[in-house]
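Colleague: If you scroll down you'll find the structure; I have some questions about it.
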Amino acid sequence: MLQVLRRVVQEVNGAADFFEALHIIVTRVKAALDIDVCSIYLKSPSSGRLVLMASEGLHAESVGQVEMDPSEGLVGLVASRAEPVNLDSAQDHPRFRYFPETGEERFLAFLGVPIIHQRSMLGVLVVQQREARRFDDEHVSFLITLAAQLAGAIAYAEFNDEISSETPLIGHQNVEATGIPGSPGVAIGHAVVAYRLADLDSIPDREGAGPEAELERFRQAVSDTREEIQDLKQRMGEALGPDEQVLFDAYLMLLGSDSLVHKTEGRISAGQWAPAALRDTVRESVRVFEDMEDPYLRERAADVRDLGRRVLSHLLPADRSQDEFPDGGILVGDDLTASHLAEVPIERLGAIVSAQGTGSSHIAILARALNVPAVMGVSDLPVGRLEDREILVDGYRGRLFVNPNAELRAEFERLVREERELAEDLRALARDPAATRDGHPVPVLANSGLLADIKPSLESGAEGVGLYRTEVPFMIRDRFPGEEEQVRLYEQIVASFDPMPVTLRTLDIGGDKALPYFPVQEDNPFLGWRGIRISLDHPEIFLTQLRAMLRAMLRASREHDNLQILFPMISALDELKGAMALLNRAREELLDEGYRIPMPKVGVMVEVPAAVYLAETLARRVDFLSVGTNDLVQYLLAVDRNNARVANLYDTLHPACIRALEAVAEGAHRAGKPVSVCGEMAADPAAVILLVGMGIDSLSVSVSAIPRVKWVIRSFSTDRAEALLAQCRLLENPEQIRSLLNNALVQAGLGGLVRAGKT
Ligand code: PEP
Ligand code: MG
């Protein structure tokens with residue numbers, strides 16, 4: 001049975017379209033179980049009725065015709081109960097409903113199992129047999145297993161069909177796809193699929209012009225590609241800092257590498273024509289990268305593939321599309337990488353949607369730096385069918401809508417307009433410090449990791465940098481940066497904000513943030529070697545970084561000690577002691593070398609549940625605490641922050657998260673130390689009210705969120721925020737809490753910020 005199951009699932013996944021997929025299921029199941037009928041009923045998203053979509057055994061003309069409400073018939077019973085119904089004689093059941101067009105009166109035995117994908121009922125898989133019999137356990141469990149396995153494939157095929165069919169049977173407007181937020185913002189635009197680069201897999205084997213001529217052609221293509229990337233790097237340089245441009249150096253390096261260029265040349269010399277030689281080399285190295293355990297290195301497979309296509313497009317110049325990129329166009333791709341932006345005039349780019357990747361992929365980091373909305377990891381996305389389709393992108397919630405109807409489009413147009421107006425209005429307030437209505441200051445600082453963030457942060461009214469993720473510049477290099485290199489980097493950021501505080505977090509690699517040159521292979525990377533654990537195990541790396549931070553402080557500002565150092569992922573007092581000992585050592589070394597370095601302020605990130613319980617103890621040893629809600633929430637709720645499948649369970653307004661934050665605030669304040677929040681939660685307007693109510697002393701958010709967070713703070717008094725927090729303590733689930741807080745925002749005249757739930 002397992003063999004049959006595997007074969008059916010494989011065939012369905014490879015089906016050309018939705019109807020072929022359904023046809024495969026009914027024919028294969030009927031044959032495998034040796035029964036008389038197998039049918040599939042699917043629920044129409046528009047009417048909610050169950051429609052017979054495919055059958056092997058019932059009259060063909062009834063397909064597409066027979067439909068019923070979930071309150072009717074035996075199929076309706078399976079759907080409404082969400083469990084199997086197994087009957088030896090269907091006709092004797094009180095829920096039996098007869099449809100003459102099916103001819104099913106001939107069949108007595110009935111077994112129906114529900115098809116459920118991510119908790120939503122897609123339909124019912126039914127088998128029937130002429131003679132009265134009860135299907136045995138083996139049949140039932142086979143069908144349940146098959147339905148569970150096929151649910152994802154059916155959802156994908158259905159989605160595909162909804163998007164592409166002009167007159168689909170099950171409705172095709174406002175097709176929603178969900179992924180992971182990559183970069184905040186909303187956008188409306190037409191899809192431009194990044195398949196325009198030549199397709200390597202379609203390259204046939206053929207006679208070339210002879211090794212010499214083919215080699216010449218290939219080398220020319222490599223050199224053209226190199227120029228193209230240099231050019232892109234320069235163009236992007238206007239929008240990005242020099243630091244981020246290092247991304248493109250990785251491409252240039254690959255272009256000179258043995259694995260790509262020399263191996264292709266070897267194949268050409270052995271007689272292959274250039275495009276096929278390139279195709280085989282790329283396939284080979286993609287396989288090597290894909291087999292790697294480390295997620296960062298696996299991502300490099302996409303870079304190799306992308307680079308291969310790029311070289312190919314120069315080998316086959318005639319195939320290169322010169323189409324114009326439409327204004328506000330939405331770049332859509334299966335696995336978008338930084339180099340896909342080469343296809344796009346940045347000023348016209350409306351949004352980015354990638355079927356693969358997460359919020360920490362390069363392209364998402366770039367999207368945030370460019371202030372372009374992005375949705376990542378939309379796994380059900382049939383990229384090839386999206387070209388030119390109208391798409392609505394919601395980068396806040398990580399979702400998109402294809403083929404919107406007029407109503408939904410109008411709603412998004414309103415959101416885009418409001419966002420633009422709001423941004424303009426709020427820019428005027430940027431200079432005012434953030435304080436509650438009763439004058440209690442709650443400074444809003446910037447989260448950063450890119451030098452390109454400095455200018456926009458200052459323009460948006462950031463009152464310092466609450467979190468500078470030093471691993472970002474480490475991630476886009478091809479080796480650990482040296483002490484002097486780091487000093488120059490940190491100095492720029494500390495000097496730009498002087499005298500405002502700049503919080504440099506020490507290296508937080510591991511988890512989903514891997515360095516290409518420091519691979520770590522683990523089964524559970526989020527529970528593994530990450531953050532401070534790596535730093536303590538590698539004092540040589542840690543000391544270099546600490547020395548660079550201290551020297552940067554001295555160089556950047558002789559008058560103000562505006563540098564703060566923050567340790568990530570602290571889960572025990574001993575870790576803090578170890579980190580402090582190394583910080584003291586780094587300072588002593590520098591003092592010995594003649595640098596007159598004051599002691600900077602030191603903070604601990606609270607992002608592991610253990611640190612919540614140790615908040616007071618930790619706070620007594622340092623100058624401040626900073627809560628990293630992105631990790632804290634994932635550890636408290638046991639929900640991977642990058643897994644789209646459980647994204648609906650990841651909710652910062654979960655009562656447990658609120659209580660944990662209150663405990664941290666109380667602990668820090670008992671120790672007489674301030675506490676800030678620097679995770680994404682601090683950028684959520686509803687959550688900001690609660691954080692103010694708890695007495696959180698400052699917030700740190702991504703640049704684009706600064707104006708709206710300031711607006712929320714300025715719209716509430718501390719009393720009102722405390723009262724709302726007290727009301728939320730009595731509520732049971734995140735939905736109730738969000739609804740209460742959204743109402744409060746609307747009442748305070750901040751309805752424009754309450755976009756969630758409306759669309
Ligand atoms: C966090 O965990 O909330 C945080 C700010 O750190 P990062 O997102 O870099 O893990
Ligand atoms: Mg974290």
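The values are calculated or read from the model by the stated rules, or taken from the named source; none is laboratory data. Note that the structure is a prediction, hence the values are computed from the model and not measured. Quick reminder, even Gly has a Cβ in these numbers, built from the backbone with ideal geometry, and neighbours come from all protein chains shown. Each accessible area value is taken on the protein alone, full model and side chains, heavy atoms only, with ligands, DNA and RNA left out. Shrake-Rupley method; radii C 1.70, N 1.55, O 1.52, S 1.80 Å.
Colleague: Compute the FRET efficiency between Leu5 and Asp432 as 1/(1 + (r/R0)^6), taking r as their Cβ-Cβ distance and R0 = 56 Å, and round to the nearest 0.05.
Modeller: Details: r = 63 Å, r/R0 = 1.13.
It comes out at approximately 0.30.
Colleague: Can you give the angle from 0 to 90° between the axis of helix 573-592 and the longest principal axis of the chain, with both taken from C-alpha atoms, to the nearest 10?
Modeller: Relative to the chain, helix 573-592 is tipped by roughly 40 degrees.
Colleague: Please list log₁₀ I(q)/I(0) at q = 0.11 Å⁻¹ for region 656-759, using the Debye equation with identical point scatterers on the alpha-carbon positions.
Modeller: Each listed q maps to, in turn, -0.31.
Colleague: Also: Does anyone have the angle between helix 274-290 and the longest principal axis of the chain? Alpha-carbon axes, 0 to 90°, nearest 10?
Modeller: Compared with the principal axis, the helix lies near 80 degrees.
Colleague: Calculate, in nm to one decimal, what Phe96 and Asp537 gain on full extension: separation in residues at 0.36 nm each, minus their alpha carbon distance. Walk me through the numbers on the way to the answer.
Modeller: Details: separation 441, 0.36 × 441 = 158.76 nm, distance 6.81 nm.
Fully extending the segment from Phe96 to Asp537 adds 151.9 nm.
Colleague: Here is a further query. Rg to Rh ratio, region 81-127, alpha-carbon atoms and Kirkwood radius? Display every interim value, and only then the final one.
Modeller: Details: Rg = 12.0 Å, Rh = 11.8 Å.
With Rh from the inverse mean 1/r over Cα pairs, Rg/Rh is 1.02.
Colleague: Give the long-range amide H neighbours of Val175: residues separated by 5 or more places, or on another chain, with amide H under 5 Å away, using H modelled in the peptide plane at 1.01 Å from N.
Modeller: Under 5 Å from the amide H of Val175 lie the amide H atoms of Val402, each far enough along the sequence or on another chain.
Colleague: Per the helix-only calculation at 222 nm, which mean residue ellipticity applies to the chain, given -39500 (n - 2.57) for every DSSP H run of n ≥ 4 and division by its residues, nearest 500 deg cm²/dmol? Before the final figure, lay out each step's value.
Modeller: Details: 25 runs with 333 residues, N = 759.
Helix contribution divided over all residues of the chain: -14000 deg cm²/dmol.
Colleague: Here is a further query. How big is the dipole moment of region 340-409 about its Cα centre under a simple scheme where the beta carbon of each Lys and Arg is +1, that of each Asp and Glu is -1, and everything else is neutral? Debye, nearest 20, please.
Modeller: Values: 7 positive and 8 negative charges, 38 e Å.
Approximately 180 debye in magnitude.
Colleague: Right, next: How many percent of the accessible area of region 517-613 is carbon or sulfur, using a 1.4 Å probe?
Modeller: Values: 2060 of 4290 Å².
Exposed carbon and sulfur together represent 48 percent of the surface.
Colleague: Give a residue-ordered list of calculated ³J(HN,Hα) values for region 84-93 (Karplus: 6.51 cos²θ - 1.76 cosθ + 1.60, θ = phi - 60°; whole Hz; x for Gly, Pro).
Modeller: x, 10, 10, 10, 7, 9, 4, 4, 7, 7
Colleague: Same structure, new question: Once you place label points 7 Å from the Cα toward the Cβ at Asp136 and Asn584, how far apart are they in nm?
Modeller: For Asp136 paired with Asn584, the spin-label model returns 7.5 nm.
Colleague: Can I ask one more? For Arg283, Arg95, write out the residues from largest to smallest accessible area, computed with a 1.4 angstrom probe and no ligands counted. If you can, show how the numbers build up before the last one.
Modeller: Working: Arg283 95, Arg95 65 Å².
Correct descending sequence by accessible area is Arg283, Arg95.
Colleague: Right, another one. Which entries in Lys513/Lys577; Lys601/Lys710; Lys455/Lys513 show an alpha-carbon gap greater than 28 Å? Provide the component values of the computation, followed by the final result.
Modeller: Working: Lys513/Lys577 25 Å; Lys601/Lys710 25 Å; Lys455/Lys513 25 Å.
As for pairs spanning more than 28 Å Cα to Cα, there are none.
Colleague: While we're here: Amide H of Val602: which non-local residues (sequence gap of 5 or more, or other chain) have their own amide H closer than 5 Å, using H built in the peptide plane?
Modeller: When sequence neighbours closer than 5 places are left aside, the close amide H contacts are Ile565, Asp623, Phe624.
Colleague: What are the residues whose amide H is under 5 Å from the amide H of Thr358, where those residues sit 5 or more places off or on another chain and H is modelled from the backbone?
Modeller: When sequence neighbours closer than 5 places are left aside, there are no close amide H contacts.
Colleague: Ok, one more. Taking just the alpha-carbon atoms of the chain, what radius of gyration and Dmax come out, in angstrom?
Modeller: 29.1, 97
Colleague: Rounded to two decimal places and with Rh computed the Kirkwood way over Cα pairs, what is Rg over Rh for region 347-456? Can you show the working numbers first?
Modeller: On the way: Rg = 17.1 Å, Rh = 16.5 Å.
Using only Cα positions, Rg/Rh for region 347-456 is 1.04.
Colleague: Roughly speaking, what is the stretch gain from Glu407 to Asp17, that is 0.36 nm per residue apart minus the C-alpha to C-alpha distance, in nm to one decimal?
Modeller: Details: separation 390, 0.36 × 390 = 140.40 nm, distance 2.91 nm.
Answer, rounded to one decimal: 137.5 nm.
Colleague: Accessible area per residue for region 471-571 in Å², computed with a 1.4 Å probe and the full protein assembly in place, what is it? Numbers along the way, then the final one.
Modeller: Details: 3550 Å² over 101 residues.
With all protein chains present, region 471-571 gives 35 Å² per residue.
Colleague: Give a residue-ordered list of calculated ³J(HN,Hα) values for region 56-64 (Karplus: 6.51 cos²θ - 1.76 cosθ + 1.60, θ = phi - 60°; whole Hz; x for Gly, Pro).
Modeller: Calculated HN-Hα couplings, in order: 10, x, 7, 4, 4, 5, 7, 5, x Hz.
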